[in-house]
Amino acid sequence: MGMGCLFQNFAFGIPWDNAYRDCCLAAQPFTSMASHVTSPTTLVSSKDKKTTIIPTPALDSLCDLLPGELCAHICVPIPGSFQCMCHEGFTLMADGKSCQHDDIPNRCKLNNPCAHKCLDTGVAIECSCHPGYQLAIDERSCIDIDECVLGIHTCESDTQVCHNEPGSYTCVNKDGSVFKPTKPETGKHGIQSNLDAAKCPLGYQYNIQSQVCDDIDECLLNTADCGINSGCQNTIGSFICVRKPVESCPPGYRFDDQLQSCSDVDECLEGLDSCKKDGLLCVNMIGNYTCQQRKESQCPAGYKYNKILSTCEDVDECVEGLHGCVPDLETCRNTVGAYECDMKCDTGYQYSHAHRMCIDINECEEGTHVCNLITEVCLNEPGGYRCGKRDNNTLSQCQAGFKYNEASKMCVDIDECLENIESVCDSNQDCRNTVGSYICVCKNGFQLDPVLRACVDVNECQVSKHNCLPTQRCDNTIGSFHCIRFTSCGTGYTLNAQTGQCEDDDECVLGTDNCRTLGPTWQCRNTYGSFRCERKRCEGKQILLNTGECKPLECPNGYEAAQHGQCIDTNECGKSNPCQRNQHCINIPGSYRCVNMLNCPVGYELNDVGTRCLDVDECSKGLHDCKNGQQCINSPGGFICQCPQGHTLNHNKECVDIDECTRFAGQICNMNSECHNTVGSYRCICKEGFKQDPKGGNSCVDVDECTDSSGLCHQNCINIWGSYRCSCNQGFTLQPDNRTCQDIDECEHFKDRNLCVGICVNEPGSYRCQCPDGYRLGANGYTCQDIDECQGGNVCRNPNEVCLNTRGGYRCNTIQCPPNFVKDPEHKNRCKRETLYCREGDTECLKLPTSYSFNFITFVSNLAIPSLGYIDLFTMRGPLWSGTNVRFKLEMLNSRAPAGISKCTKDFFWLRNTANNQAIISLAKSIEGPQEIELQLTMELFHSGIFGGAAVAKLYIFVSQYEF
């Protein structure tokens with residue numbers, strides 16, 4: 001604000017001084033170019049250029065501190081305070097702040113309703129009381145203030161007793177003498193000159209410890225008379241009476257402390273509605289709200305209200321000419337609640353509602369051609385057909401850009417953009433297919449060079465086709481541009497590149513202000529970093545016109561022009577006495593009045609002899625100001641203008657209709673109806689979903705939409721109070737239109753709950769579980785049980801094959817012994833050597849295994865590993881002979897899995913030596929199926945350290961496809 005944060009002769013008081021100083025220092029203007037200024041600075045100018053170093057002089061004037069807030073017209077600063085003054089032609093009101101035009105009649109003089117002081121503010125009449133009194137609840141009467149009870153007296157507590165009197169109090173000494181406090185002296189500026197501790201304003205009491213005036217809580221002291229139905233609420237220096245709500249407000253209403261009544265809640269304005277999420281328009285109603293289509297109608301878009309049938313009916317936009325179809329190109333087709341524009345197709349084409357476009361008519365398929373099918377073949381073409389000779393080379397009969405389609409038996413367009421391996425356009429172009437050909441168009445950010453016949457980059461920065469802000473720099477790129485933000489001085493300043501300083505922008509000179517929008521009577525005044533809009537002022541005895549021009553002031557009779565363009569009243573009584581000798585001249589605005597020495601009150605007049613005041617019958621003498629339609633009724637000292645029934649007088653003494661709906665809100669119409677005011681009366685109109693009670697009266701009864709209108713809901717219709725609701729059968733869900741029911745895909749919606757162990761198949765309103773081949777559905781209807789094909793009989797045809805049941809199938813495994821090995825008759829899965837004899841020195845023969853065992857294992861895909869960390873699959877034991885040691889060796893021979901399935905490695909298995917001469921193969925990681933794995937476990941025996949033989953166990957592991 002251009003001032004300091006400390007004052008010399010003014011203080012707010014504790015704790016507001018510290019709060020104001022902290023807030024003021026935080027809001028001090030500064031820039032990054034200027035260092036912190038602790039003392040007042042001066043403006044620095046260079047060639048009439050203003051810099052950003054703004055002075056902050058100290059300011060003690062309350063008028064400058066709070067401009068336009070202290071006085072209505074002129075604020076005159078005085079040390080530590082202020083005084084209000086008015087322009088010529090105005091008079092300062094009793095509040096010391098407001099100004100009243102001299103030529104406006106003072107209603108307090110015409111009809112004073114106040115007990116003590118009356119103030120006509122020009123808008124309303126305000127009553128106030130003499131010192132020692134306070135305004136009563138009726139805001140007209142005055143009641144005495146008991147200074148003794150409130151402790152705002154000046155009596156000495158040790159030697160005197162306070163005694164209350166009407167409008168004042170007295171101090172009674174111990175000897176019985178009475179001391180009446182004198183009124184405080186007042187200085188020339190209206191400020192108490194001998195202010196001491198006991199002289200606190202009305203509504204405050206002196207605090208001896210803090211030496212300040214504290215607010216009196218009239219509510220706590222029970223000195224406030226608010227009646228039974230109102231509650232007392234303390235305010236600073238006074239109190240207010242707030243009506244207690246008799247009962248809680250109904251839904252859609254809220255208790256208004258200011259109006260002291262239940263007022264409607266505007267759900268649309270406060271965002272409490274649910275219309276926006278559905279894209280509808282919220283319309284507030286008394287006690288409720290409704291969601292409508294975004295159209296100013298009671299009916300949805302595409303409908304109109306039929307007053308005869310009292311329902312919404314479809315609007316035929318095609319007949320009423322409300323459609324937007326293009327003439328000669330489109331045909332309007334009416335639909336329920338809307339319309340559609342069908343294209344007018346050329347010959348050989350027909351409009352498709354499904355594709356919403358004109359599609360070619362295949363005359364060859366529809367048989368509308370005239371070709372001789374014995375010697376000719378019908379070839380369909382876009383918009384027509386052609387009869388070609390029947391030969392083997394039908395492909396050559398298609399035109400360029402088309403190819404023959406064997407399925408449709410017609411020539412179809414070739415999409416050169418898709419079928420060509422190499423792009424037919426360059427890198428800066430996009431290929432667009434056309435019927436029978438194609439075109440190359442430039443990509444965004446490129447344009448065709450007429451000389452090069454190629455697409456070249458567009459410099460958006462140069463041709464001003466960018467959208468960069470004024471605070472950004474445009475940098476061109478290939479096919480686009482970038483907006484780069486540069487340093488800004490902030491709003492209202494511009495960086496001077498030469499000096500490196502931020503200079504103030506004169507918005508008034510640059511024309512960037514918005515004062516012109518206020519009208520021609522306003523002008524712009526530049527400030528640092530901003531501007532101010534001020535009303536134009538005329539000099540001398542001139543007046544400002546609406547056009548912004550000043551013209552000499554022309555005053556009516558009884559007025560004369562004064563400075564500042566004001567018409568002031570001419571004091572005819574002061575210039576000369578135009579009245580008779582027994583009369584007194586009283587100046588009035590624009591004229592004067594001669595009053596007899598015996599003054600009668602308003603509404604009375606002297607009799608003929610001037611000895612008695614008689615009532616003036618304003619009605620019979622035509623002295624009333626009752627208007628047309630009003631009845632004048634005389635009363636002692638005045639008259640009453642009575643309005644017709646359903647009307648009341650306003651502040652202009654005009655009969656205006658009484659809005660019963662507002663005045664008696666919620667009392668004359670039911671909640672299910674809306675009150676519509678009429679001239680002199682009102683009507684109750686039923687809300688949507690209700691109708692007038694056939695029995696008569698203003699009552700509204702519910703409309704059963706489900707019975708009256710069939711087909712409202714897709715499945716179930718439930719009538720509710722004032723509306724209806726649609727519901728769906730089990731397994732269906734209600735759509736956003738609140739009418740249509742859609743099947744719930746339980747398989748997708750509840751897939752995390754594993755509704756089925758096998759395959760979940762959705763059905764209308766429900767679902768069912770299905771198992772893949774090799775499984776059967778369990779009795780519970782949701783688990784899949786493996787079918788053991790091996791138990792069903794001889795599923796393996798070869799007698800040498802061994803059947804192995806797997807999850808979802810089976811395997812016929814054949815055991816083929818290696819060379820020089822034969823099957824062991826005692827063990828079906830084992831092959832042993834034909835002979836254990838080896839020639840002396842034949843080391844290779846000695847190292848051959850004595851036997852091969854073939855073991856088959858199967859388990860499900862992704863078999864879960866327990867918390868132990870492994871699952872035992874196979875155990876191999878050696879002899880427990882004394883002096884015999886065994887060494888085990890695990891090898892990964894093969895792993896087969898389809899594409900997309902991770903093959904397992906040897907790391908998935910763990911060879912554990914669990915006991916003497918014993919080993920176990922365990923599964924350490926889950927294996928994803930389907931997958932086939934071949935492992936080989938070799939056991940070598942050593943007797944006293946000498947190799948004594950070996951045995952091999954082959955493991956064939958089959959991992960199924962499913963996890964169940």
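The values are calculated or read from the model by the stated rules, or taken from the named source; none is laboratory data. All of these numbers come straight from a predicted model, not from anything done at the bench. Cβ: placed from backbone, ideal geometry, glycine included. Neighbour counts: every protein chain shown. These accessible areas exclude ligands, DNA and RNA; they are computed on the full protein's heavy atoms, side chains included. Shrake-Rupley method; radii C 1.70, N 1.55, O 1.52, S 1.80 Å.
Restricting the search to strands (runs of 3 or more DSSP E) fully inside region 497-592 and requiring at least 3 residues that are more than 19 Å from GLY89 (Cβ to Cβ) gives 501-504, 522-527, 530-535, 583-588. From PRO636, PRO644, which residue is open to solvent by 70 Å² or more (accessible area, probe 1.4 Å) and more than 35 Å from the chain's Cα centre (by Cα)? Unique residue meeting the criteria: PRO636.
All but one of (1) within 30 Å of GLU320 (Cα to Cα); (2) at pLDDT 75 or above; (3) touching a Lys or Arg at 6+ places or on another chain (Cβ under 7 Å) hold for ALA301, so report the exception by its number. The number of the failed condition is (2).
Restricting THR527, THR547 to residues that are among the β-branched types (Val, Ile, Thr), open to solvent by 50 Å² or more (accessible area, probe 1.4 Å), without any contact (Cβ under 8 Å) to a residue 60 or more places away in the chain and within 30 Å of GLY492 (Cα to Cα) narrows the list to THR547. Among ILE137, ILE143, which is in a loop (DSSP other than H, G, I, E, B) and closer than 30 Å to SER98 by Cα? Going through ILE137, ILE143 in turn, the sole match is ILE137.
For every residue, the table says whether it meets (1) over 29 Å from LYS691 (Cβ atoms); (2) out of contact with any strand residue (DSSP E or B) (no Cβ under 7 Å at 6 or more places or on another chain).
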position	(1), (2)
CYS706	no, no
LEU712	no, no
THR733	yes, no
PRO736	no, yes
ASP743	yes, no
GLU746	yes, no
ILE759	yes, no
SER766	yes, yes
CYS769	yes, no
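Would you call VAL952 within 29 Å of GLU844 (Cβ to Cβ) and aliphatic (A, V, I, L, M)? Here the answer is yes, as VAL952 does meet what is asked. Of all the residues in region 450-474, those that are open to solvent by 100 Å² or more (accessible area, probe 1.4 Å), in contact (Cβ under 8 Å) with a residue 12 or more places away in the chain and of a type in the set (D, E, K, R) number 1. Cβ separations smaller than 9 Å between residues 6+ apart or across chains give the following pairs from region 903-916 residues that are among the β-branched types (Val, Ile, Thr) and part of a loop (DSSP other than H, G, I, E, B) to residues that are surrounded by 13 or more Cβ atoms within 10 Å (Cβ to Cβ) and at pLDDT 90 or above: THR905/MET892; THR905/SER895.
Scanning region 871-897 for residues that are over 11 Å from ASN917 (Cβ atoms), in contact (Cβ under 8 Å) with a residue 40 or more places away in the chain and open to solvent by less than 50 Å² (accessible area, probe 1.4 Å) yields ILE871, LEU873, PHE874, GLY883, LEU890. Within region 922-964, if we keep just the residues that are touching a helix residue (DSSP H, G or I) at 6+ places or on another chain (Cβ under 8 Å) and under 19 Å from ILE865 (Cα atoms), the residue that is surrounded by the most Cβ atoms within 10 Å (Cβ to Cβ) turns out to be ILE927. Whether any residue in region 207-218 is at pLDDT 75 or above, under 59 Å from the mean Cα position of the chain (by Cα) and of a type in the set (Val, Ile, Thr) is what I want to check. Yes, that holds for at least one residue. May I ask you to list the residues in region 688-717 that are farther than 30 Å from THR733 by Cα, outside any loop (DSSP other than H, G, I, E, B) and out of contact with any Phe, Trp or Tyr (no Cβ under 6 Å at 6 or more places or on another chain)? Passing the criteria: LYS691, GLN692, VAL701. Restricted to region 343-371, and to residues there that are touching a residue at least 40 places away in the same chain (Cβ under 8 Å) and closer than 11 Å to GLY384 by Cα, the residue that is farthest from the chain's Cα centre (by Cα) is CYS364. A single member of GLU340, GLU296, GLU320 is modelled with pLDDT of 75 or more, more than 22 Å from GLY384 (Cα to Cα), among the charged types (D, E, K, R) and open to solvent by 60 Å² or more (accessible area, probe 1.4 Å), and it is GLU320.
Among the residues making up region 647-668, those that are closer than 21 Å to ILE125 by Cα and open to solvent by less than 80 Å² (accessible area, probe 1.4 Å) are THR648, LEU649, ASN650, GLU654, CYS655, VAL656. Of the strands (runs of 3 or more DSSP E) contained entirely in region 794-850, not one carries at least 3 residues that are exposed (fewer than 11 other Cβ atoms within 10 Å of the Cβ) and of a type in the set (Phe, Trp, Tyr). Being among the polar types (S, T, N, Q), open to solvent by 40 Å² or more (accessible area, probe 1.4 Å), modelled with pLDDT of 75 or more and under 46 Å from the mean Cα position of the chain (by Cα) is true of ASN428. All conditions in (1) without any contact (Cβ under 8 Å) to a residue 12 or more places away in the chain; (2) over 30 Å from GLN961 (Cα atoms); (3) exposed (fewer than 12 other Cβ atoms within 10 Å of the Cβ); (4) hydrophobic (A, V, I, L, M, F, W, C) hold for LEU868, with the sole exception of (2). Only residues that are in a loop (DSSP other than H, G, I, E, B) and open to solvent by less than 60 Å² (accessible area, probe 1.4 Å): list them for region 669-683, please. CYS669, ASN672, GLY680 - these are the residues of region 669-683 that are in a loop (DSSP other than H, G, I, E, B) and open to solvent by less than 60 Å² (accessible area, probe 1.4 Å).
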